[in-house]
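K.L.:
Next up is a structure, given as structure tokens.
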Amino acid sequence: METLTIGKALNTGLRRALEDDPKVLIMGEDVGKLGGVFRITDGLQKDFGEDRVIDTPLAESGIIGTAIGLALRGYRPVCEIQFDGFVYPAYDQIVSQVAKFHYRSQGKVRLPIVIRIPFGGGIGAVEHHSESPEAYFAHTAGLKVVSCASPNDAYWMIQQSIASDDPIIFLEPKRRYWEKGQVDVDGAPEPLHSSRVIRPGSHATVAAYGPMVRTALDAATAVAEDGRELEVIDLRSLSPLDLDPVFESVRRTGRLVVVHEAPSNVGLGAEIAARVTEQCFYSLEAPVLRVTGFNVPYPAARAEEEYLPDLDRVLDAVDRSMGW
Amino acid sequence: MTPVSRVKEFKLPDLGEGLTEGEILKWLVNVGDTVALNQPIVEVETAKAAVEIPAKWAGQVVTIFHSEGDTVEVGAPMIAIDTDPGAGPLPESAPAPSAASLAAVEVAPAEGAVEPGLIGGPAPGGRTAVLVGYGPRSTTAKRRPRATGPSAAQPSAPQPAVAQPSAVAVQTRPAPAPVEEPVEPEPVAARPAATGVLAKPPVRKLAKDLGVDLTQLVGTGPQGSISRDDVQAAAAELVEAASGKRSSAAPATAEPAARPAGEREWRVAVKGVRKLTAENMVASAFTAPHVSEFYTVDVTRSLRALDRLRAMPDWQDVRVSPLLLVAKAVLVALRRYPMVNSSWAGDEIVVKDYVNLGIAAATERGLIVPNIKDAGELTLRELADAMTALVQTAKAGRTAPADMAGGTFTITNVGVFGVDTGTPILPPGEAAILALGSIREQPWVHRGRVRVRQVTTLGISFDHRIIDGELGSRFLHDVGAFLADPEAALLAWG
């Protein structure tokens, strides 16, 4: 058991993947010499060489296109998209090629590509640096989408994603990179595409992923003073969704609040609300409520705290649900 | 303004995305020079380009920390500027911060710690330094103060003084309006009438499970919605109603809680047990042609028989009443006239070998009619025990629905209310019902003389589709004959 930050846990997980499989490559903008703008790949080029940890040109479409070719030749590329808002030049490669190759080849060719994207806001950054593009990818058949929220998950999920033969969009909660937690480096990980109750409670269920898991946990801690127990679920896998634990929880609590930074409109929360309503209709004491970013472009840094869901907005939603 | 704050240190910023260091190519100013805001002060070469860095403040250069050709880490102090040189000479200790800052840079950071200003290190405002942006804030699991107590859903208790919005609230931005919901709550008035009742899904499920029709209920929940309690109350009434409750015996004691002064009429909603009773009675009264007959009989011998019974050792603790003998009389008579123990099933008549004898019981929750299963198989003692148990269970409100289902013949003891008798309406599915009037002393011709005797009047209603006047009359007469002389009847027919 070690205490690591999420960033260091990712770095350690990447290092272990490079050690375990000589076909694993890391590629992206400034991932080599600099170690990445968030230092997630710090020290890897020094130890594994420029052939395996590759500084690429500033061209995301080219990064993914190159990764496709490498994957076709048996490599397992791990691409870093420097910031969430930079992924869009690569969007065509991802949805038109990465997502479709397995299907197009009638199952003969699989592309074991991991696309790491530091996502979400909260760091006071400029435009293109704070977006939550998960719904675009979760909507696309042929892609898997996961998001880690703790150092232990960061360490294990990145390795599981690299080991997966399917392409995976790996979303990293960039504002939580420096949060520390216990990492069980020798233990056995949970299945990659599984959600998990990370705090049990009886009054209402709060489901979140990525950076909002911390917010949900904080909300549960804050409201415990009022004698309320929130059950917090870390969804972890956004495509495929593993909602059985959510159904089971909602059947007990009768209330669900889904939290994400991305806007509510046609987002993950909408999908979850629809499925929970279908599966748990007779258990719902209140409609499934969403606490999300607003349906506007991501705001300027000084306004982002008004935009991002925080503890108080989560608890306001819990209050609304309880008062139904 | 203290002298220390006059002197500001300029640290090497990250000039590109993710640079860690830069080489000083050339200083453009010297110690003692006066610099203007944004005046270029130094030329630095990074991995990406050589750039001139402008002065962040106007003032006089106090210290230059590095020589040309030095490689400086991002975040290390470059130059110190006295921003108020006109205020007099600096105290001896003025340049102190630089030494401390330098030391911090030169000493390797403790394991896991990151220097201030570098990525992952501390930044102003409780943030973590990042490459692009102000950096993430560290979080706290603390809720903003709320003016209205913990929530609308909870009764607002008096808040401790600490929690009141005071100086804290001044710093906190006001609670934003609940912009959370992209969709406004559905306005009740706009709801189409066809939607029917307001009830949450779990309440609908409960209603479905308990067989309660939500459209018949008046909701007491928020916005007139039907609550779980509403459904459970209605279900409890349904259970009673299902037992065959008759309108003649249902107490109408419910008075509206708030009745306007001077109002001379008041209205009781027809719902729940009242509604079901009404439906049953209408269905029975207008489908089964009722015939009622009466028979007044001297039951003095029955009462004496009961006295003798009570004196028997086996019966010391047994509760016996005239109703016990009436029940026995009915059971004996039903054996002689099984067609009375039947029901109408459209194109056939279902005659039953078994008797599930219903006994109407007045309880706090109203009248219920549990029945004694296979009463015809029981001895008199067993019948007495069963009746006692049945009444006690009913009065305790614990009668199970199964005990109220499947009755084949019913006795209603309206005599306990002091009336002579009545013309009861048949419980649906039964062919006959017997009413026992009050037993009281009356002048009666006994053995040729007028004597004071214990007399009662039996009333019977029967379904004329099944039971002709002859059969009904014979049955009623047999019951009366039993009560007039139980010993003889038992000898003859028992």
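Laboratory data are not the source of any read-out in this text; all were calculated from the coordinates shown. What you see is a predicted model, and the numbers here were worked out from it, not measured in a lab. In this analysis, Cβ positions are derived from the backbone assuming ideal geometry, glycine residues included, and neighbour counts consider all displayed protein chains.
K.L.:
May I ask you to derive the FRET efficiency for A:D51 and B:E52 from their Cβ-Cβ distance with R0 = 41 Å, giving the value to the nearest 0.05? Can you show the working numbers first?
P.N.:
Working: r = 37 Å, r/R0 = 0.91.
Result of the calculation: an efficiency of 0.65.
K.L.:
Give the separation of the Cα centroids, region B:405-467 to region A:265-312, in Å.
P.N.:
69 Å
K.L.:
Okay, next question. To two decimal places, what compactness ratio does region B:288-493 give when its Cα radius of gyration is scaled by 2.2 N^0.38 Å? List each step's numbers first, then the result.
P.N.:
Working: Rg = 16.5 Å, N = 206, 2.2 N^0.38 = 16.7 Å.
This ratio for region B:288-493 stands at 0.99.
K.L.:
Taking the Cβ-Cβ separation of B:V351 and B:W266 as r and a Förster radius of 51 Å, what is the calculated FRET efficiency to the nearest 0.05?
P.N.:
Details: r = 47 Å, r/R0 = 0.92.
After rounding, the FRET efficiency stands at 0.65.
K.L.:
I would also like to ask the following. Can you put B:E263, A:E172, A:E229 in order, fewest other beta carbons within 10 Å first?
P.N.:
Details: B:E263 9, A:E172 26, A:E229 15.
The most exposed by this proxy come first: B:E263, A:E229, A:E172.
K.L.:
What ranking of A:V24, B:V479, B:V419 emerges when the number of other C-beta atoms within 10 Å of each C-beta is taken as an exposure proxy, fewest first?
P.N.:
Working: A:V24 23, B:V479 27, B:V419 13.
If I rank by nearby Cβ atoms, fewest first, I get B:V419, A:V24, B:V479.
K.L.:
Have a look at region A:2-183 and give its Rg and Dmax from the Cα atoms, expressed in angstrom.
P.N.:
Cα-based Rg and Dmax for region A:2-183 come out at 15.0, 45 Å.
K.L.:
Hey, which aspartates and glutamates would be in cross-link range of B:K200, C-alpha to C-alpha under 18 Å, not counting anything within fewer than 8 residues on its own chain?
P.N.:
List returned: A:E278, A:E285, A:D319, B:E184, B:E186, B:D209, B:D213, B:D229, B:D230.
K.L.:
Near the amide H of B:I79, under 5 Å away, which other amide H atoms are found, from residues 5 or more places off or on another chain, if H is placed in the peptide plane?
P.N.:
So B:I79 has HN proximity to B:F10, B:F65.
K.L.:
DSSP loop GluC sites (Glu not before Pro) in region A:1-93 with at most 12 other Cβ atoms within 10 Å of their Cβ, which ones? Show your work: numbers first, answer last.
P.N.:
Values: sites: A:E2, A:E19, A:E29, A:E50, A:E60, A:E80; in loops: A:E29, A:E50.
Sites meeting the loop and neighbour criteria: A:E50.
K.L.:
Please list log₁₀ I(q)/I(0) at q = 0.14 Å⁻¹ for chain A, using the Debye equation with identical point scatterers on the alpha-carbon positions.
P.N.:
Scattering profile of chain A, log10 relative to I(0): -1.06.
K.L.:
Mind checking the full-extension length gain between B:W493 and B:V450? Use 0.36 nm per residue of separation minus the Cα-Cα distance, one decimal, nm.
P.N.:
Numbers: separation 43, 0.36 × 43 = 15.48 nm, distance 2.97 nm.
Full-extension gain reported as 12.5 nm.
K.L.:
To the nearest 0.05, how large is the calculated FRET efficiency for B:E21 and A:K108 if R₀ is 51 Å and r is the Cβ-Cβ distance? Walk me through the intermediate numbers first.
P.N.:
On the way: r = 49 Å, r/R0 = 0.96.
For B:E21 and A:K108, the calculated efficiency is 0.55.
K.L.:
If the convex hull of the alpha-carbon atoms of region A:196-322 is projected onto planes in all directions, what is the mean projected area in square nanometres?
P.N.:
Across all orientations, region A:196-322 yields a mean hull projection of 7.2 nm².
K.L.:
Going by alpha carbons, how many degrees (0 to 90, nearest 10) lie between the helix axis of A:268-279 and the longest principal axis of chain A?
P.N.:
50 degrees
K.L.:
Within 10 Å of each candidate Cβ there may be at most 11 other Cβ atoms; applying that plus a DSSP loop requirement, which chymotrypsin sites (Phe, Trp or Tyr not before Pro) in region B:460-494 survive?
P.N.:
On the way: sites: B:F462, B:F475, B:F482, B:W493; in loops: none.
Answer by residue number: there is no such site.
K.L.:
Moving on. Looking at region A:140-234, what % of its DSSP beta bridges pair antiparallel, to the nearest 5?
P.N.:
Working: 3 of 12 bridges.
Of all bridge pairs located within region A:140-234, approximately 25 percent are antiparallel.
K.L.:
A further question on this structure: Counting other beta carbons within 10 Å of each residue's own, what order do A:M322, B:M339, A:M157 fall into, fewest first? Please list the in-between numbers first.
P.N.:
Values: A:M322 19, B:M339 16, A:M157 27.
Lowest count first: B:M339, A:M322, A:M157.
K.L.:
May I pose another question? Under a straight-distance cross-link criterion of Cα-Cα below 26 Å, which lysines are reachable from A:K8, leaving out those fewer than 8 residues away in the same chain?
P.N.:
Within the straight-line cut-off, A:K8 pairs with A:K23, A:K33, A:K46, A:K144, A:K174, A:K180.
K.L.:
Another one. Looking at the protein assembly as shown, send over the antiparallel percent of its DSSP beta bridges, to the nearest 5.
P.N.:
Working: 65 of 107 bridges.
Percent antiparallel among DSSP bridges in the protein assembly as shown is about 60.
K.L.:
Separate question: Under 8 Å for C-alpha pairs, at least 6 residues apart: give me the relative contact order for chain A, rounded to a whole percent. The partial results should precede the final answer.
P.N.:
Details: 729 pairs, mean separation 52.3, N = 324.
Value for chain A: 16 percent.
K.L.:
Can you list the equivalent-ellipsoid semi-axes of the protein assembly as shown, largest first and in whole Å, using the square root of 5 times each Cα gyration tensor eigenvalue? Write out the running numbers ahead of the final one.
P.N.:
On the way: eigenvalues 1589, 186, 89 Å².
In descending order the semi-axes read 89, 30, 21 Å.
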